[in-house]
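The values are calculated or read from the model by the stated rules, or taken from the named source; none is laboratory data. Just so it is clear, the structure is predicted and the values come from calculations on it, not from any experiment. Neighbour counts are summed over all protein chains in view; Cβ atoms, including those assigned to glycine, are modelled from backbone coordinates with ideal geometry. Just the protein is used for accessible areas: all its heavy atoms, side chains included, with ligands, DNA and RNA removed. Shrake-Rupley method; radii C 1.70, N 1.55, O 1.52, S 1.80 Å.
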Amino acid sequence: EPAPYEPFAYNAFRLRSPFVAERGTVPLGGQEGPPSAPDASRPRTYLESFALSELRYLGQWESEAGRDALVRDGAGRVHRVPLGGYLGPDHGQVVEVGPRALRLRELIPDGLGGWQYREASLGLKAGDDA
């Protein structure tokens, strides 16, 4: 014979829902904590007006000042972009200029009112030339 039904009294209403992610608990992009919002006072660069799909990495330019990336924009013009420079609409900052690829760290909304980092890259393509 089955045991009589006993209703369960749920008392955890004040706890965080297990179906909602807790912000700031997992460091993203190797950072110490959750990133802050993009600096609204920083002037946007010309190359931030292009989607990454419209930009082409052509190679690197080395000088006494350091290593810059050579990037062709959607209009066909070639630009020198330094390490730490910005590309694309998602606040993409250049973190590495390599012989075969340019690596970026983008800052995008996390969907919970905060921000998170996303890695992106532009690689050399066959047939590209400056």
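Before moving on, here are some points about what is shown:
- Test result for GLU48, acidic (Asp, Glu) and out of contact with any Phe, Trp or Tyr (no Cβ under 9 Å at 6 or more places or on another chain): no
- As a summary of the residue check, LEU124 satisfies the conditions (1) open to solvent by 60 Å² or more (accessible area, probe 1.4 Å); (2) in contact with a helix residue (DSSP H, G or I) (Cβ under 8 Å, 6 or more places away or on another chain) except for the one numbered (2).
- Of all residues in region 72-84, those satisfying the criterion of being under 18 Å from the mean Cα position of the chain (by Cα) and surrounded by fewer than 20 Cβ atoms within 10 Å (Cβ to Cβ) are PRO82, LEU83, GLY84.
- Number of residues in region 17-72 that are basic (Lys, Arg) and modelled with pLDDT under 90: the value is 2.
- Residue pairs meeting the criteria (Cβ under 8 Å; at least 6 apart or on separate chains; first under 9 Å from GLY74 (Cα atoms), in region 49-61; second of a type in the set (A, V, I, L, M)): PHE50/LEU87; LEU55/LEU47; LEU55/VAL71; LEU55/LEU87; LEU55/LEU122; ARG56/VAL71; ARG56/LEU122
- The listed residue being modelled with pLDDT under 90 and either closer than 30 Å to SER17 by Cα or assigned to a loop (DSSP other than H, G, I, E, B) (or both), out of ALA130, ALA75: ALA130
- Residues of region 47-71 satisfying the condition of being open to solvent by 90 Å² or more (accessible area, probe 1.4 Å) and either farther than 21 Å from GLU119 by Cα or in contact with a helix residue (DSSP H, G or I) (Cβ under 6 Å, 6 or more places away or on another chain) (or both): TRP61, GLU62, GLU64, ALA65
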